[in-house]
Structure formats: structure tokens, C-alpha cells
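First up is the structure itself, then whatever we jot down about it.
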Amino acid sequence: MTSICFEHVSKWYPRYQSLSYGIKSSLLNLPATIRSLKRERITVLNEVSFRIRRGETVGLIGPNGAGKSTTLALMAGIVEAEGGRVSVTGRVSPLLELGAGFHFDLSGAENIVLHGVLLGLTRREVLSRMDAIIAFSELEPSIHQPLRTYSSGMIARLGFAIASCLDPEILLIDEILSVGDLAFQLKCNAKIDEFKRKRITMVLVSHSMDHVRRLCDRVIWLEKGRIVGEGEPDTLIPAYEASTRARHAENRPSAA
Ligand SMILES: Nc1ncnc2c1ncn2[C@@H]1O[C@H](COP(=O)(O)OP(=O)(O)OP(=O)(O)O)[C@@H](O)[C@H]1O
Ligand SMILES: [Mg+2]
């Protein structure tokens, strides 16, 4: 059964540009200026198609700006595609960029409730899992402090604890595992193994090839908004690393 399906998905944003002809002439020629601003766009994903089956753990890899986080945001329904079709079957628990969706003036405990309700649970359902979430995060001493007093590792702990204790069907994880300390990483790995056994679908974005190799069944490699390769971690990761090294060597000024 398919959990996530992308069919020729394209995403673009308007390009913000300076008014190169000066403000005065741009204002005098306003319709033309608006037309030119609308025409200019940055294509972030270009005709991307793939399928993720229920129970798979898929890694998205690729350089900075390749479109990995945008792909997760489309899966979570946070942004919409300009072209193509995104279909997702199951309740999505997104663990996106650090602190995304959190309110920094609220306490850790208040953020747990807020997040749970945003994910579609009732307040009572969230409260019944509150103790488990706090225990998993190991943040009990600070759970009533405002989030702005948390370190980035503490925020990652809270995010992972919430997403993983609220019965996800599809878990999206963007670069969060490497922020926590070793003990927390081990705990996350164990939880992810447990999810794999329960056939929870997971999509993991990471620059740590060790994480991807250890956790993922399949890898999708993105570059400049296109899929460059798709396959088993053992074949695709060495290819990605070799391509990155080759590019690095090309760009390095020759030692003269
Ligand atoms: N809201 C936005 N407006 C304009 N451009 C955007 C927006 N969000 C993302 N982009 C652009 O989309 C491209 C892909 O961004 P994305 O965050 O998906 O990359 P990424 O693969 O997650 O990179 P990283 O490894 O650095 O996290 C980048 O060029 C980025 O500037
Ligand atoms: Mg990203």
C-alpha cells in the first residue's frame, strides 16, 4: 500500500529582486514592473515523482538547497505544489526544522498540548500522554520553563518526544537527530527501530550518511530540485559521496 505519492510535482517561489532600473522608472512603469516581478521565479522542485510504501523508511539526501525540506513540507501539507499531485495516506507527524511550530514564550508543557492539538488530537488525548512525552524527553526539571530558555538539543528532544508519543502513521524527520547528544541519539534510534517494526512510514532528511545508512531501507537523492538517483543506501550513498568529493576537488584552487 502506498503512503506517499508524488507525481510530477513542481514547486516554485517568486524571485525577489531589486528594482534594477531604479525606483522612479519602476514606479512610472508599474504594470511592466509587476509583470516582470511575477514572471521571475525560483524553481525549487522540478517534476519530482516517487512513491513511498507503507512501513518503509526512506532517506532524502542531497546538498544544501536541493529541495529536501520543501519535499517534507509538501508531504506535511504546509506548502502546496504549483504543479503535479501530492497524495498522502495516513496521519502525518512532522518533525521539521528545529523549533518549527513551537511557541517560544510558552512552556515546554504548553507546547506539548498545542502541538498535539495541531496534530489533530483532543486536549484530553494529549493530556493522557503528557507523562510519557515528558519522560521520553527527559526534560522534567525544565518542562514549565518558557521554550526560549531551552538549548537547541532540548528543543530537539521535545519535538521528537511529542512526534513519537502521539501515535504517528507517517513520521517526517528533518535534520533533528544530530542536534541531540549521544544518549538522545541512541534513544531516537531505538524508537525508530520500534516504529519500523510497527510498520510506521518514515521519511528522514539528514546530512549524516551514518544515520541514513543505519536507519533507511531506501534513499532518494535530490539535486537542484530533481531526483538524481533512487535505491538502496549501500549503492546510493557511495555514489553521492563520490559525486560530492569530485565536485569539491574540481572547485578547489589548484595548489601551485
Ligand atoms: N519560502 C521560500 N521562498 C523562497 N525560496 C525558498 C523558500 N523556501 C525554500 N526556498 C528555496 O528552495 C530551495 C530549496 O530549499 P530547501 O529548504 O528545500 O533545501 P534543503 O535541501 O532542505 O537544504 P538544506 O540541506 O540546506 O536544509 C532553496 O534554494 C531555498 O532558497
Ligand atoms: Mg533543509
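Things to note:
- Candidates 58, 92 - the one that is among the aliphatic types (A, V, I, L, M) and at pLDDT 95 or above: 58
- Filter pass, residue 87 being in contact with a Cys (Cβ under 6 Å, 6 or more places away or on another chain) and under 30 Å from residue 221 (Cβ atoms): yes
- Residue in region 229-242 that is surrounded by 15 or more Cβ atoms within 10 Å (Cβ to Cβ) and within 22 Å of residue 179 (Cα to Cα) present: yes
- Being of a type in the set (S, T, N, Q) and at pLDDT 90 or above is a property that residue 145 has.
- From the list 171, 204, the lone residue that is in contact with a Cys (Cβ under 8 Å, 6 or more places away or on another chain) and crowded, with 21+ Cβ neighbours inside 10 Å is 204.
- Selection of region 22-44 for residues being at pLDDT below 80 and closer than 12 Å to residue 12 by Cβ yields 38, 39, 40.
- In region 89-113, the residues that are part of a loop (DSSP other than H, G, I, E, B), surrounded by fewer than 17 Cβ atoms within 10 Å (Cβ to Cβ) and away from ligand 1 (no atom under 16 Å from the Cβ): 89, 90, 91, 103, 104, 105, 106
- Residue check, residue 124 more than 22 Å from the chain's Cα centre (by Cα), crowded, with 16+ Cβ neighbours inside 10 Å and farther than 20 Å from residue 69 by Cα: no
- Residue among 116, 84 that alone is on the phi > 0 side of the Ramachandran plot and either surrounded by fewer than 19 Cβ atoms within 10 Å (Cβ to Cβ) or away from ligand 1 (no atom under 13 Å from the Cβ) (or both): 84
- Counted residues, region 71-81 - those being part of a helix (DSSP H, G or I) and either without any contact (Cβ under 8 Å) to a residue 60 or more places away in the chain or away from ligand 1 (no atom under 13 Å from the Cβ) (or both): 1
The values are calculated or read from the model by the stated rules, or taken from the named source; none is laboratory data. Everything numeric in this text was worked out from a predicted model, so none of it was measured. Here the Cβ is made from the backbone with ideal geometry for all residues, glycine too, and neighbour counts use every protein chain on show.
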